[in-house]
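The values are calculated or read from the model by the stated rules, or taken from the named source; none is laboratory data. Worth saying up front: this structure is predicted, and the values here are computed from it rather than measured. Cβ: placed from backbone, ideal geometry, glycine included. Neighbour counts: every protein chain shown. Heavy atoms of the whole protein, side chains included, go into the accessibility calculation; ligands, DNA and RNA do not. Shrake-Rupley method; radii C 1.70, N 1.55, O 1.52, S 1.80 Å.
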Amino acid sequence: MSEPAKSRDWDKAPIASASQPMRLGLVGRGITLSRTPRMHEAEARAQGLACHYALLDTDRGAAGSLADVIDRAEQSAFAGLNVTYPYKQDVVALLDTLSDAAERVGAVNTVVFKDGRRHGDNTDLWGFVQNIQNGLPDAAMGTVLLIGAGGAGNAVAHALRDLGALKILVADVREGAAQALCKAVGRESEAVPMERLAGAAAAADGIVNATPVGTAELPGTPMDPAFLQPRHWVSDIVYFPLQTALLAAARAAGCDTLSGEGMAVFQAVRAFELFTGRPADAGRMRATFRAAGPA
């Protein structure tokens, strides 16, 4: 497929209705604990819509390549897909058009099938901004250390820029990925080797984990907790568990902390609107998230 074009009007999706059941899905690895299906199905019911949301887990039965999974979903009349780790960047090459946000970030977490074309968007960027503005409105944005330069990390880096971060330090086990992200973000960003995290943390006002480290499937912390200081604010995009090892260590160190719950909810709010053409109720979707039980 050729390089996707920008699109400014594809997001005017047709309004979904109860007479036209909507099929959606999440593509990723190790996603059996995801709360995204519950949020979309419950919000659809609340709005009088019929929705079935499937997990397309490439670790558990979703056979073939990413391209195969996308092809099958489109051929099976799915209205759209959410895309998560590790496919947010790889999926871009399989799409026809990108939103401005997806073009800017270079990663896609929402795909809408419409009129025989595949349209990609990135709702992680908006979701992270909303989470910070609601959960840590007074977070200092002088220098921020971002750990992780994958699809989610790209969205977070651009979100930090939108939030007014003056300098962004990016660390990733793939040093080339960190350098590429700094180039994309532009001014006042710097790639930091993982072995220099102590110095980067000492220079930072805030720290964000945008890696899967800390999930139930990949427990641990993305950095040595000894680097944390009480003046830091610490945000983790992981939401299962909500109390990651990093956030637990940050609280113990006296830091202000923010879990991945808000980002998970807000990105779903924006994705629901893209899928259905209807605004979603963020409070209702957060209640559904929490009703699933402790994460």
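Tabulated results
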read-out	value
Selection from the range 155-184 of residues that are basic (Lys, Arg) and more than 19 Å from ASP124 (Cα to Cα)	LYS167, ARG174, LYS183
Qualifying position, being outside any helix (DSSP H, G or I) and either modelled with pLDDT of 95 or more or hydrophobic (A, V, I, L, M, F, W, C) (or both), among LEU246, LEU218	LEU218
Some residue of the range 191-207 being touching a helix residue (DSSP H, G or I) at 6+ places or on another chain (Cβ under 8 Å), of a type in the set (D, E, K, R) and in contact (Cβ under 8 Å) with a residue 12 or more places away in the chain	no
Members of the range 157-206 that are under 20 Å from the mean Cα position of the chain (by Cα) and on the phi > 0 side of the Ramachandran plot	GLY164
Yes/no for VAL185 being under 18 Å from VAL108 (Cα atoms) and open to solvent by 10 Å² or more (accessible area, probe 1.4 Å)	yes
Single unsatisfied condition, PHE240 versus (1) crowded, with 22+ Cβ neighbours inside 10 Å; (2) outside any helix (DSSP H, G or I); (3) among the aromatic types (Phe, Trp, Tyr)	(1)
ALA226 in a helix (DSSP H, G or I) and over 23 Å from LEU163 (Cα atoms)	yes
Residue check, ASP71 without any contact (Cβ under 8 Å) to a residue 60 or more places away in the chain and either within 15 Å of the chain's Cα centre (by Cα) or closer than 17 Å to ILE31 by Cβ (or both)	no
Residue identified as farther than 29 Å from SER34 by Cα and modelled with pLDDT under 95 among GLY186, GLY164	GLY186
Sole residue being closer than 16 Å to ALA44 by Cα, open to solvent by 10 Å² or more (accessible area, probe 1.4 Å) and either modelled with pLDDT of 95 or more or within 17 Å of the chain's Cα centre (by Cα) (or both), chosen from GLY283, GLY254	GLY283
Cβ pairs under 7 Å, 6+ apart, first in the range 144-155 and among the charged types (D, E, K, R), second modelled with pLDDT under 95 and assigned to a strand (DSSP E or B)	none
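This table checks each residue for (1) surrounded by fewer than 19 Cβ atoms within 10 Å (Cβ to Cβ); (2) within 23 Å of ALA107 (Cα to Cα); (3) aromatic (Phe, Trp, Tyr).
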| residue | (1), (2), (3) |
| --- | --- |
| LYS167 | yes, yes, no |
| LEU181 | no, yes, no |
| GLU190 | yes, yes, no |
| ASP205 | yes, no, no |
| PRO212 | no, yes, no |
| ALA226 | yes, no, no |
| GLN229 | yes, no, no |
